[in-house]
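The values are calculated or read from the model by the stated rules, or taken from the named source; none is laboratory data. Since we're looking at a predicted model, the values are computed, not measured. As a convention, Cβ positions derive from the backbone with ideal geometry for all residues, glycine included, and neighbour counts pool all protein chains shown.
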Amino acid sequence: MTLKNHLLQLYKTVYSKFPIKFEYISELENLIRNCKTILDVGCGSNSPLKHFPKQFYCIGVDKFEPWLKSSKNKKIHDKYIQLDVLKINQEFEENSFDCVVALDLIEHLTKEEGNLLLKRIEKIAKKKIIIFTTNGFVPQGVYDNNPWDVHKSGWTVNEMKKRGFKVIGINGWKFLKGEYGLLKFKPRFFWFGIAHLTQLFVRNYPAKAFQILCVKEK
């Protein structure tokens, strides 16, 4: 048996004993469980809200028209609005949604823009705010011809906690991943298993995680 096959067998044996599947989706589902209305700011083309039973009314907002059309074709949200996310205060009233989510968004804004967005989100949300972002700055260039998909800032656990957010570590040990969340080491199937297992640790020690899921109750 080759080394690669040995590693694959080891991965299957270990991973089968610690099945931490789709931790991000599971955590997010628990957070939005009691929300009847959701505003998805910077919804993109493939929002994770697609994974949940439609027990809530949801509006998707994005500036990039091709991604908005793609999401609309998938029928992820009930309504779509093409809009600069920094202008959401012009479209939505205060306390108009149970929950406002910004998933993989604020790292694409400058620090000044991100702080402004967070202030506006807090006014629109009636019960809960959920932010998902990289843990600190992670370089990323243009993706899928979207000029706004470049990373411009990084947000830390301490920053979000000072804003009143509870922070959960997501997607394993930060050291193992780089741009676009790709694993740095090979063979990737093996390191994917290792990264997945480290989620057991980083969930409660988010400063070590690759990404952070932040929630603030109002």
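Figure legend. Inter-residue proximity from the stretch 28-43: first residues in contact (Cβ under 8 Å) with a residue 24 or more places away in the chain and under 22 Å from Leu117 (Cα atoms), second residues part of a loop (DSSP other than H, G, I, E, B) and hydroxyl-bearing (Ser, Thr, Tyr), beta-carbon distance below 8 Å, spacing 6+ or different chains. Indicated pairs: Thr37/Ser96; Leu39/Ser96; Asp40/Ser47.
Give the stretch 24-59 a look and list any residue that's under 19 Å from Glu107 (Cβ atoms) and among the small types (Gly, Ala, Ser), or say none. Gly42, Gly44, Ser45, Ser47, listed by residue number. Criterion applied to Lys21, Lys17, Lys12, Lys74 was being of a type in the set (D, E, K, R) and modelled with pLDDT of 90 or more, and the one residue passing it is Lys74. Checking Lys87, Lys128 one by one, the residue that is at pLDDT 95 or above and under 16 Å from Leu28 (Cα atoms) is Lys128 and no other.
Regarding Gly154, is this residue surrounded by 14 or more Cβ atoms within 10 Å (Cβ to Cβ) and touching an Asp or Glu at 6+ places or on another chain (Cβ under 8 Å)? Answer is yes for this residue. If only residues of the stretch 93-115 that are under 18 Å from the mean Cα position of the chain (by Cα) and small (Gly, Ala, Ser) are counted, the one that is surrounded by the fewest Cβ atoms within 10 Å (Cβ to Cβ) is Gly114. Applying the condition of being basic (Lys, Arg) and in contact with a Phe, Trp or Tyr (Cβ under 8 Å, 6 or more places away or on another chain) to the stretch 34-68 and asking which residue is surrounded by the fewest Cβ atoms within 10 Å (Cβ to Cβ) yields Lys36.
If I ask for residues that are within 17 Å of Val100 (Cβ to Cβ), not small (Gly, Ala, Ser) and not in a loop (DSSP other than H, G, I, E, B), which ones from the stretch 36-76 would you list? Hits for the stretch 36-76 are Thr37, Ile38, Leu39, Asp40, Val41, Pro48, Leu49, Tyr57, Cys58, Ile59, Val61, Asp62. The combined condition, being at pLDDT 95 or above and touching a Leu at 6+ places or on another chain (Cβ under 6 Å), is not fulfilled by Val101.
Across the stretch 161-194, the number of residues qualifying as modelled with pLDDT of 85 or more, within 15 Å of Asn135 (Cα to Cα), hydrophobic (A, V, I, L, M, F, W, C) and out of contact with any Pro (no Cβ under 9 Å at 6 or more places or on another chain) comes to 4.
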